[in-house]
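Here's the structure we're looking at; comments come further down.
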Amino acid sequence: MANETIGKTITVAVLLCFVCSVLVSTAAVKLRPRQERNKALFTKTNILKAGGLLEEGKSIDALFENIEVKYVNLETGEYDDSVDPATYDAREAVTKPDLSRAIPAEDDIANIKRMVKTAEVYLVNKDGELETIIIPVYGKGLWSTMYAFLAIEKDGNTVKGYSFYDHGETPGLGGEIDNPVWQAKWEGKKLFNQEGALSITVLKGEVNKDRPEAIHQVDGLAGATLTNNGVRNLMHFWLGDNGFGKYLRKFRNQGVDNG
Ligand SMILES: Cc1cc2nc3c(=O)[nH]c(=O)nc-3n(C[C@H](O)[C@H](O)[C@H](O)COP(=O)(O)O)c2cc1C
């Protein structure tokens, strides 16, 4: 009976809370490096996937060694070599006033409100020559911000691959943006037309392959018009002059097949 006093009950509860909180915080601190490493591996995997560079049996880190990470000043389209890849995180940078800027509402077709001033690009070189440029893109779908890597051939115009890797769209509807079958439909599509106008789009329904404009069109996901519109809008934002437009133009100007 003496053991059932209020004081003892409170003491046991407090001790239990203390022990649990120590255990949880120790686990959080100890697991942080592993979480960071897994996050980095996930990002690398998706960059490699967009570039069609994943190979079974080869480690992600080894495959990623062929990729050069560079930073682009989006306002000028020039490389900015002052950025340190070890410390720069674009998702963090977008929250910092000195590293990002607000997007005027009339320009914000991707519905993202703010954007980084400097964005990373991943360059795939083969035998010392540039083969593919992989850029990060994102924008709002119906429910969520959808994040992807878009791989573009060195002509600055032909899609090499597309990999959506983070979103909250409905599985089976808009969530099909991460379906490899749909992602494969982007391969070979041309972003810009012969006049240099940004022409890539996602249709409602299927592309008529006999039409000349089919080269700029991708089948829309069924029952997901709002997600499809979000994908088209985010592409137009990031490929336009507020995004990587100035940077990519230089590749297209180097003698290009515009489809
Ligand atoms: C539970 C639920 C989930 C939905 N998820 C999506 C979605 O992820 N993406 C989307 O574009 N539409 C989604 N929709 C449908 C939209 O509300 C809208 O009807 C649709 O985008 C219209 O596309 P459609 O013209 O291709 O049918 C969802 C609807 C419901 C009821």
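Yes or no: VAL72 aliphatic (A, V, I, L, M) and either free of Cβ contacts under 8 Å to residues at least 60 places away in the same chain or in a loop (DSSP other than H, G, I, E, B) (or both)?
When the stated conditions are applied, VAL72 does not pass them.
Only a single item in (1) modelled with pLDDT of 95 or more; (2) within 15 Å of the ligand (Cβ to nearest atom); (3) surrounded by fewer than 19 Cβ atoms within 10 Å (Cβ to Cβ) is not met by ALA214, and it is number (2). Restricting attention to the stretch 64-116 and to residues that are surrounded by 14 or more Cβ atoms within 10 Å (Cβ to Cβ) and of a type in the set (Ser, Thr, Tyr), the residue that is farthest from the chain's Cα centre (by Cα) turns out to be TYR79.
Screening the stretch 152-170 for residues that are out of contact with any Ser or Thr (no Cβ under 8 Å at 6 or more places or on another chain) and small (Gly, Ala, Ser) and picking the one that is nearest to the ligand (Cβ to nearest atom) gives SER163. Out of ASP89, ASP81, one residue alone is out of contact with any Asp or Glu (no Cβ under 8 Å at 6 or more places or on another chain) and at pLDDT 90 or above. It is ASP81. For the stretch 30-44, a residue qualifies if it is hydrophobic (A, V, I, L, M, F, W, C) and either outside any helix (DSSP H, G or I) or modelled with pLDDT of 85 or more (or both), and the qualifying residues are ALA40, LEU41, PHE42.
The values are calculated or read from the model by the stated rules, or taken from the named source; none is laboratory data. Everything numeric here is computed off the predicted structure, so don't read it as measured data. Heads up, the Cβs are rebuilt from the backbone with ideal geometry, glycines too, and the neighbour counts pull from every protein chain shown.
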